[in-house]
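Before any comments, here is the structure.
Read the figures in this text as sums done on the coordinates, not as results from a lab. If you're wondering where the values come from, they're calculated on a predicted model, not measured in any experiment. Neighbour counts run over all protein chains shown; Cβ positions are idealised from the backbone, glycine included.
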Amino acid sequence: MKNQTALAAALAAISISSASAAPLEGPLWLAGDDASVVSLCSTSFYDDWIADRLTIGLRISSNRLTDGKRPANYEEDFLGAIYHLDNANDTIVWPEVRYWAVRYVRLSFGWNSVAGRTRNFNTPNHHSDGKATLKGPVFMAEAVYPMLDDTLFLYAGGGFMYGRGGFDHVTWWHLGYSDEESWRSVGAPKNERRGRYYRQINVENEWGTVLSCGVAWRPVDRFELDLSVRKIWIEPDCSWGYARGNDFDEQQSNVFTLDHLQLGMTLSYVF
């Protein structure tokens, strides 16, 4: 009996919630000086772990490269004659999920996509071989400061992005032609010339570091509007060479610098 009494007391002690009807509730919320102890069994799983903790929404964001210039000595970054990465990012829309682990800490899971168009120094028009891309999930933990009766939240945090690498080749370069005019003079074919190789650039998968800050506002019950700025540092390994079938003859390897700044807005439903 003593053991059962001690266990019941321990379970009650870890179930802490706000006595007020503030938006942030559940067993781990401790709001102000009026916190009260309630039983874990007194409310449902949804009320304890989902309500006012989980948000799901759509994030619209715009990325801009911050470091696309190759050093002047042409030795440290990029491949061959590629000396610059132009910003090649469209406005993107992805789902985003956030979860309040405790009152002042929120976890975030979303998606990101970044691209840089190559430029070469050895042709008059600085032609492009294509676009280097990274797409993948973003994981973050954020420290949150609630204000105005839990309707306004300032936050800052950090985390990681895992980008799946890819390269969208310009067709004439990929098929091995010397320039776009030569390719167009033979009818601008879309497939490999018989018996010839592809010129190919590979971009590897890579982890990146993310820092963020922002403000979230709940103007009405169950909806949240979030504005944020994120800085992402990510440099995937890359290589170029000649490909035919499953064979790849690598000529050079290095990295692409795809560090970028992201401005974003998220509209979420608060469960």
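Going from the fewest other Cβ atoms within 10 Å to the most, the residues S253, S113, S44 appear in the order S44, S253, S113.
Each listed q (0.11, 0.12, 0.16, 0.19 Å⁻¹) maps to a log10 I(q)/I(0) for the stretch 120-271 from the Debye sum over equal C-alpha point scatterers, namely -0.63, -0.69, -0.92, -1.13.
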